[in-house]
Amino acid sequence: MSDPNDTDDAAPIEGEVVREPLRRAIGDRYLTYALSTIMHRALPDARDGLKPVHRRILYAMRELRLSSNGGFRKSAKISGDVMGNYHPHGDAAIYDAMARLAQDFAVRYPLVDGQGNFGNIDGDNPAAARYTEARMTAAAEALLAGLDENAVDFRDNYDGTLQEPVVLPAAYPNLLANGAAGIAVGMATNIPPHNLDELIAACLHLIKSPNARDETLLEHIPGPDFPTGGIIVEPRENILEAYRTGRGAFRLRARHHVEDLGKGQWQIIVTEIPYQVQKGKLIEKLAELVLAKKVPILGDIRDESADDVRIVLEPKSRNVDPDVLMNTLYRMSELETRFSLNMNVLIDGVTPRVCGLREVLQAFLDHRRDVLIRRSTHRMEKIDHRLEVLEGFIIAYLNLDRVIDIIRYDDAPKEALMFEPWGDGAARASDESDYTSPLPTEHQATLTEVQSEAILNMRLRALRRLEEMALLKERDALMEERAGLQDLLESEIVQWKTISDELRDVRKQFGKATALGRRRSDFAEAVEVADVPLEAMIEREPVTVVCSQMGWVRALSGHVALDKDLKFKDGDGPAFMFHAETTDKLIVWGSDGRAFTLLANSLPGGRGMGEPLRLMIDLPNETAIVDILIHQPGRRLLLASSAGDGFIVPEEEMVAMRRAGKAVMSVRGDVTALRPVAARGDHVACVGDNRKMLVFPLSDLPEMPRGKGVRLQKFKDGGLADAKVITLADGLSWSDPAGRTRHEADLTEWLGSRAQAGRMAPRGFPRDNRFG
C-alpha cells in the first residue's frame, strides 16, 4: 500500500495539478526563504564585509563612473540603476541602504559621499532620492580596486543580462572597520566598527606571526572605535573573551565634562553620545526624567547642539555631586548603552558561522592573498601578450620595407606576414609585378597570428615611431616585471610581503595621522559610585499632602494647617490630609489589598486641584483608597479585612515602586481591606459590625509578607469593623461624637483568645464602631 504522503518526484506536466502535503510544501518554501535571507540579504561576507545590497550599490556607482574626485549624480539615478540591473527589491530600501553608507555618524568610514540632506544624528530621515546626489568615497574605491584585473569571480545578475562581482577585492578589512548588523531567519549578526589603523596593525602582526594569540591581537585592537565617539568602560578581560568567542557586549558611555560657571555654579556638557542613539529621543527621555521628577538632582536640560553635539545638564543645586548625577543618568537613560557583539558572518560567502577576531582577520588576509594571486596572474597574461606583440614589432622594424610590400601587394597579408622568412634580406619591390609572395610555403610560421594582427592594425603614422631602442627598452622592462610576478606566484613569502606593503599603503591613506583615521572612542574604567537612594537625591522640604474623596492628589508647599479651607472640584472634598516631607515615600493602600508607593516629591504642586491618583498608579476604578500613610522603615503593621482575617506585615513588604503596585493581602468577593495600623503594643483590639469587642495578645498573630492571614474575631452576622494594636496596661481610649476622649482602663471583661466572638463594646463606644 502506498504512503499518501509520498509524491511523484517527476517534473509536472504543464497544466497538471500537483498535489503535495501542506507540511512539506510550506517547509520546503520556508527553507528556501530562510537560505535566501541568510546568504543574500542579512549576513555580511567575511571577505569584504558587505551585504549584497551594499556591494551592488558600490558596483553600480563604479559603472556610472562616480569616482571620489568626479561629479555627483542624483541618488534616484543610482538607486534606479541598482534596482534595474542588480538588486530586484524596492528602491526605497536601496536608497535607505545607500543613505546609511553616507552617514558619518552611522558608518566609521563612509563609502558614499552624499550631497544634500542624508539624515542626522537627531533621527531625521534623509531627503527624497530626487533631491540628493552622491558619489563614491576613497574608502569605497579601495574596496573596488582590482575589479578590472580578474581579482574576483563574477556571476550573472538576476535576469542574466549583466554580470556582477560575487565579492569585492577589498583592500582593507571592511567587515571590522565599518561593522555590520542584520537579522536573518534563526540567526543574526551585530559587529561594531573599529579603527582601520589598528586593524591593519593586527593584520601585519598576524602575517608576521600566523599563530598569534588573541591576547597579542588585543594589543593592536584594544576594542571598537565608534563613529560617534564615546567612552568604552568594558573591562579588558570581557573584551578579550568577546573577541575570542565572537559573542559579548561593550558598555559605552557618553563623553562629558564639567563646565565651571563661577561662584560655585557648574553644569555638565555632553559632547558625544553612544553609537546608534538618536539625540532627539535621548533629549526627550532626559526631559521626561526632569518633568516626572525621577531624577530630583537634575534641574534642567538644554540642547545647544549645532554642528557638534552639546547637551547641557543643569543640577538642581550646586551641592550635587557630578559623578552621582551622571551615574544616575547612565542607569536611567541612553547616556550609557551596551553594544552586543555577535560576529556571525559568511565564510567564503557560503557558510554562516560565529567567528572570533582572529578568524575574521585571517579570512580577510586569505582573501587578499587570493586577490593578489589572481591579479598577478592576470597581469602576467597581459605582459605575455604584450611581449608577443613587441617581438613582432621588432621584426617589423628591422624589415620595414618588406612589411610594406606585403601589406601593399599580397592578397593575404596576414598569412604572408606569418610565413615570411624574415632575415633573408629581401629587396624592396619596385611594383606589384616585382613582388614575390612567401605563399604558398612549407616553412613554419615565423610570426604568430597575434603578432601579425598587431602589425596590420598599426597606423601608418606609427611606423616612423617604431624605433628599435624604444621597443627593446619596453620589452626589457616587461621582462623584468614578469620575472618579479613569477617570483611572487612561486613564493608565499613574497606574497605576504606584497600584501603587507599594500596594507601599509592603505594605512597611509586612512591611518591615525589623518582626520578620518584618528581614534574617536576612548577607554576608561567605570567609576563605580555607590548607589544613592532616590530620596537621598531629593532636597528635603516640608509639604502637606492632600487627597480628595474622588482621588485627586496634590502636595502643598510647607506645612499648612490641616483644617485649612481648600478648594476642591464640585461635589468633592478632603479625604486625607497630612504633613510630610519631599523625601518621604507614601504608601497608598487599596481596598483590594494592594499597596502602591509614591514619592512625595513626585506629587503635583499645590496650584490647582492636583491630578487624579489613578493616573500615577494602576488603581482600578472600583477599588477605594483606604488610607495613605508615610512609610517608616522597620515599622510593622496590622492588616485586617472586613471578613475578620488579619496578620502582621513588615512595612518594607508593602513598598513597590511600580505602577501595578504589590498584592499584599488576599481579599475576595465583597471582602475589603481595612485601614492598616501600626503594630506598637502587646494586644489587639477588634470590634465587629455587631458592636462586640475582643482583646487578645498580639503574639497570637503570625508575621507574614503577604497572604490572607488568620481569623481575628468570630461573627454570626456582619464582619469586622475596625482593629487596632494597644498596650493592655494603658487601657483603651476613643473619641466620642462630642469630641471628648473616653477611656477604659480595665479591659479584663473583653480579654480572650483570637477567633472568639467577644463581648459588647463599653458604654459610650462610637456608633460607627471605629476606634477613631
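The values are calculated or read from the model by the stated rules, or taken from the named source; none is laboratory data. Source: prediction; values computed, not measured. All Cβ positions, glycine included, derive from the backbone under ideal geometry; neighbour counts span all protein chains shown.
Comparison of ASP81, ASP156, ASP148 shows that the only residue that is touching a Leu at 6+ places or on another chain (Cβ under 7 Å) and free of Cβ contacts under 8 Å to residues at least 60 places away in the same chain is ASP81. Answer yes if at least one residue in region 394-402 is in contact with a strand residue (DSSP E or B) (Cβ under 7 Å, 6 or more places away or on another chain) and surrounded by 19 or more Cβ atoms within 10 Å (Cβ to Cβ), and no otherwise. No, because not a single residue in region 394-402 is in contact with a strand residue (DSSP E or B) (Cβ under 7 Å, 6 or more places away or on another chain) and surrounded by 19 or more Cβ atoms within 10 Å (Cβ to Cβ).
When the helices (runs of 4 or more DSSP H) confined to region 442-514 are screened for residues that are farther than 30 Å from ALA138 by Cβ, touching a helix residue (DSSP H, G or I) at 6+ places or on another chain (Cβ under 8 Å) and in contact (Cβ under 8 Å) with a residue 60 or more places away in the chain, those reaching at least 3 such residues are found at 449-456, 468-490.
Of everything in region 685-702 that is small (Gly, Ala, Ser) and in a strand (DSSP E or B), the residue that is surrounded by the most Cβ atoms within 10 Å (Cβ to Cβ) is GLY688. For region 257-304, which residues satisfy the criterion of being hydroxyl-bearing (Ser, Thr, Tyr) and touching an Asp or Glu at 6+ places or on another chain (Cβ under 8 Å)? Passing the criteria: only THR271. Of all the numbered requirements in (1) in a loop (DSSP other than H, G, I, E, B); (2) modelled with pLDDT of 90 or more; (3) not small (Gly, Ala, Ser), PRO438 misses one, and that requirement is (2). Considering each of ASP410, ASP431, ASP501 in turn, give the residue that is surrounded by fewer than 11 Cβ atoms within 10 Å (Cβ to Cβ) and at pLDDT below 90. Of the residues listed, the single one that is surrounded by fewer than 11 Cβ atoms within 10 Å (Cβ to Cβ) and at pLDDT below 90 is ASP431.
Only one entry in ALA212, ALA242 is among the small types (Gly, Ala, Ser), over 23 Å from LEU516 (Cβ atoms) and under 19 Å from the mean Cα position of the chain (by Cα), namely ALA242. Quick check, is VAL560 outside the structural domain of LEU298 (by TED's automatic domain parsing), crowded, with 16+ Cβ neighbours inside 10 Å and in a loop (DSSP other than H, G, I, E, B)? Criteria met by VAL560.
May I ask you to verify whether ILE587 is assigned to a strand (DSSP E or B), under 41 Å from the mean Cα position of the chain (by Cα), under 25 Å from ALA721 (Cβ atoms) and of a type outside the set (Phe, Trp, Tyr)? Taking the combined requirement at face value, the residue satisfies it.
Taking every residue in region 330-346 that is within 14 Å of VAL277 (Cα to Cα) and pairing it with any residue that is of a type in the set (Lys, Arg), at least 6 positions away or on another chain, the pairs with Cβ-Cβ distances below 6 Å are SER333/LYS285; GLU336/ARG253; ARG338/ARG251. Is it the case, given these coordinates, that GLY739 is loosely packed, with under 12 Cβ neighbours inside 10 Å, free of Cβ contacts under 8 Å to residues at least 40 places away in the same chain and at positive phi? Yes: the conditions hold for GLY739.
Being assigned by TED's automatic domain parsing to the domain that holds GLY644, among the basic types (Lys, Arg) and assigned to a strand (DSSP E or B) is the requirement here; does LYS714 meet it? No, not satisfied.
Suppose the filter is modelled with pLDDT of 95 or more and assigned to a strand (DSSP E or B); does ALA134 pass it? In short, yes. The strands (runs of 3 or more DSSP E) found entirely in region 259-324 that carry 1 or more residues being loosely packed, with under 14 Cβ neighbours inside 10 Å are 265-272, 298-303. On the stretch given as region 703-729, residues that are farther than 17 Å from GLN756 by Cα and exposed (fewer than 13 other Cβ atoms within 10 Å of the Cβ) total 4.
Candidates in region 52-92 are the residues that are within 16 Å of GLN115 (Cα to Cα) and of a type in the set (S, T, N, Q); of these, the one that is surrounded by the fewest Cβ atoms within 10 Å (Cβ to Cβ) is ASN69.
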